[in-house]
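Heads up, the thing below is written out as structure tokens.
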Amino acid sequence: MRILGIESSCDETAAAVVADGREILSSVVASQIDVHRKYGGVVPELASREHLRQIVPVVREAVEHAGMKLADLDAIGVTQGPGLVGALLVGITYGKTLADALGKPLVPVNHLEGHVHAVFLEAHKAGRTAKLPAVCLIVSGGHTVLYEVTTEDANVQDASARLKYRKLGQTRDDAAGEAYDKVAKLLGLGYPGGPILDRLAAVSNGTPAPVKFGPTKTRGNVLDFSFSGLKTAVLYHVRENGAYSEEIVRREEALARGERKFEHLLPLCSPKTLALVREFQNAVVHDLVERTMAAAEELSVESVLVSGGVAANSQLRATFEERAKSAGVEVFFPSRALSTDNAAMIAAAAYSRLRAGILADARLNADPSLVLA
Ligand code: KG4
Ligand code: ZN
């Protein structure tokens, strides 16, 4: 069963062919980072326009890389939501038209379920099985949400069963990736912020943190997250300490010259800035790991799954590995390429939905706030 996945929910136009929900035959991602960089975030209108430009060549390339023709496909899976409505509509319209022209089934996919399947794809590649029940943390620029993942079939406790999701907690304000992006922007470190802050935090040496960020408290549900307070605390600390302003200006000048790599920016960061970045990252990682592990222990799950762009973070991975080991559960991450938005995860999720008989017809519409259940 060879399924073409199409993903266009945010700022990546992606297409992939996956066999039997497990074997990636091709995966093509056209990123729009360069288009959105100068705005420091995704501009919805520009995203839709870029998807329109990219969708045809990206799908063609994915089918060619898989060594196939469109007619060889068995089904088409497309992201229905959540995401930007204009961006989603490009993928959906194209997917619908293609399915109709080829006479193939069209499968609507929840983007978040795609992120869950990215973990299963990777586990399969590594010859591992992520046993269920699990808790899954999806942490990206648009989402920070924690689910319990179980199966509908008591006899099958892995991803080959139809999966059920129960939301345990979510961010009340910013997503974790959004906090990374905003903090990087205010420090003159460019966009997207996650990868550069990740590397800068890692090289910060013994300099004491210039400010301490305590654990965030969320009233009510203890498994909810909150990152806007942390971002604001960084902002106030920087504003109140004139010492930062000169180096921020120097970094912004470097960015304007196109010098945005780690090698360019590291020499322009004082030990104090590096220590501030380290302290910010410690706070984010601690929060994500502790809440997720509290849920894992409370529910006595078999596995912890971590997916989404921020799952690429090296400290997050190392801390999860360490904590999971001492708690006696297995932790699973996608590769970096499968962590960020891609269409292989959409094709994989489409396979399990297709087997459950979930199909769309010509009325399929984008749902910007589609819920995963
Ligand atoms: O999943 P993704 O590609 O797109 C969304 O759906 O948002 O995630 C992008 C987000 C950005 O906010 C980016 O700063 C963050 O993931 N990110 C990271 C790292 N790599 C990407 N955050 C922390 N550490 C990283 N290494
Ligand atoms: Zn995503």
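Report those strands (runs of 3 or more DSSP E) wholly inside segment 80-162 carrying at least 3 residues which are within 14 Å of ligand 1 (Cβ to nearest atom), of a type in the set (A, V, I, L, M, F, W, C) and in contact with a strand residue (DSSP E or B) (Cβ under 9 Å, 6 or more places away or on another chain).
In segment 80-162, the matching strands (runs of 3 or more DSSP E) lie at 134-139.
Among the listed residues LYS96, LYS164, LYS131, identify the single one that is more than 19 Å from SER300 (Cβ to Cβ) and of a type in the set (D, E, K, R). I'd like the intermediate steps shown before the answer.
Working: LYS164 fails: more than 19 Å from SER300 (Cβ to Cβ); LYS131 fails: more than 19 Å from SER300 (Cβ to Cβ).
Of LYS96, LYS164, LYS131, the one residue that is more than 19 Å from SER300 (Cβ to Cβ) and of a type in the set (D, E, K, R) is LYS96.
So ALA373 fits all but one of (1) in a loop (DSSP other than H, G, I, E, B); (2) within 16 Å of ligand 2 (Cβ to nearest atom); what number is the exception?
(2)
Restricting to segment 269-286, and then to whatever is over 22 Å from the mean Cα position of the chain (by Cα) and open to solvent by 10 Å² or more (accessible area, probe 1.4 Å), can you tell me which residue is nearest to ARG317 (Cα to Cα)? Show your work before the answer.
Here is the first cut: in segment 269-286, the ones over 22 Å from the mean Cα position of the chain (by Cα) are 269-276, 279.
From the residues that got through so far, the ones that are open to solvent by 10 Å² or more (accessible area, probe 1.4 Å) too are 269-272, 274, 279.
On the way: CYS269: 25, SER270: 26, PRO271: 24, LYS272: 25, LEU274: 20, GLU279: 17 Å.
Restricting to residues being over 22 Å from the mean Cα position of the chain (by Cα) and open to solvent by 10 Å² or more (accessible area, probe 1.4 Å), the top hit is GLU279.
Conditions (1) assigned to a strand (DSSP E or B); (2) of a type in the set (Val, Ile, Thr); (3) open to solvent by less than 60 Å² (accessible area, probe 1.4 Å), marked per residue:
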position: VAL17; (1), (2), (3): yes, yes, yes
position: GLY21; (1), (2), (3): no, no, yes
position: SER26; (1), (2), (3): yes, no, yes
position: VAL29; (1), (2), (3): yes, yes, no
position: VAL42; (1), (2), (3): no, yes, yes
position: GLU45; (1), (2), (3): no, no, no
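Quick check on segment 165-172. Is at least one of its residues open to solvent by 30 Å² or more (accessible area, probe 1.4 Å) and within 30 Å of ASP20 (Cβ to Cβ)?
Yes, some residue in segment 165-172 is open to solvent by 30 Å² or more (accessible area, probe 1.4 Å) and within 30 Å of ASP20 (Cβ to Cβ).
In segment 233-251, how many are touching a residue at least 12 places away in the same chain (Cβ under 8 Å) and assigned to a helix (DSSP H, G or I)? First the steps, then the outcome.
Step one: filter segment 233-251 for residues touching a residue at least 12 places away in the same chain (Cβ under 8 Å), giving 233-235, 237-238, 241, 243-244, 247-251.
Filter again for assigned to a helix (DSSP H, G or I), leaving 233-235, 237-238, 243-244, 247-251.
The qualifying residues number 12.
I need the full set of residues from segment 255-270 which are part of a helix (DSSP H, G or I) and farther than 23 Å from ALA179 by Cβ, in order please. Break it down stepwise before answering.
Step one: list which residues in segment 255-270 are part of a helix (DSSP H, G or I), which gives 255-256, 262-268.
Within segment 255-270, ALA256, GLU263, HIS264, PRO267 qualify.
What residue, among those in segment 67-80 that are buried (at least 22 other Cβ atoms within 10 Å of the Cβ) and not hydroxyl-bearing (Ser, Thr, Tyr), is farthest from GLY142 (Cα to Cα)? Steps first, please.
Filtering segment 67-80 down to residues buried (at least 22 other Cβ atoms within 10 Å of the Cβ) leaves 76-80.
Still in the list and also not hydroxyl-bearing (Ser, Thr, Tyr): 76-78, 80.
Working: ILE76: 25, GLY77: 21, VAL78: 19, GLN80: 15 Å.
Step by step, filter segment 67-80, then rank; the result is ILE76.
Look at segment 224-271 and say how many of its residues are closer than 23 Å to THR207 by Cβ and in contact with a strand residue (DSSP E or B) (Cβ under 7 Å, 6 or more places away or on another chain).
The qualifying residues number 0.
Could you list, in sequence order, the residues of segment 109-144 that are buried (at least 24 other Cβ atoms within 10 Å of the Cβ) and more than 10 Å from ligand 2 (Cβ to nearest atom)?
VAL109, GLU113, VAL116, HIS117, VAL119, PHE120, LEU121, ALA134, VAL135, CYS136, LEU137, THR144
With respect to the numbered conditions (1) over 17 Å from TYR191 (Cβ atoms); (2) within 16 Å of ligand 1 (Cβ to nearest atom); (3) surrounded by fewer than 20 Cβ atoms within 10 Å (Cβ to Cβ), which one is the sole condition not fulfilled by VAL289?
The number of the failed condition is (3).
Looking at ALA349, is it part of a helix (DSSP H, G or I), buried (at least 22 other Cβ atoms within 10 Å of the Cβ), within 20 Å of the chain's Cα centre (by Cα) and within 15 Å of ligand 2 (Cβ to nearest atom)?
Values: part of a helix (DSSP H, G or I): yes; buried (at least 22 other Cβ atoms within 10 Å of the Cβ): yes; within 20 Å of the chain's Cα centre (by Cα): yes; within 15 Å of ligand 2 (Cβ to nearest atom): yes.
So ALA349 passes the test.
The values are calculated or read from the model by the stated rules, or taken from the named source; none is laboratory data. All of these numbers come straight from a predicted model, not from anything done at the bench. When we count neighbours, we look across all protein chains shown, and the Cβ atoms used for this are built from the backbone with ideal geometry, even at glycine. Surface accessibility is based on the protein's heavy atoms, side chains included, excluding ligands, DNA and RNA. Shrake-Rupley method; radii C 1.70, N 1.55, O 1.52, S 1.80 Å.
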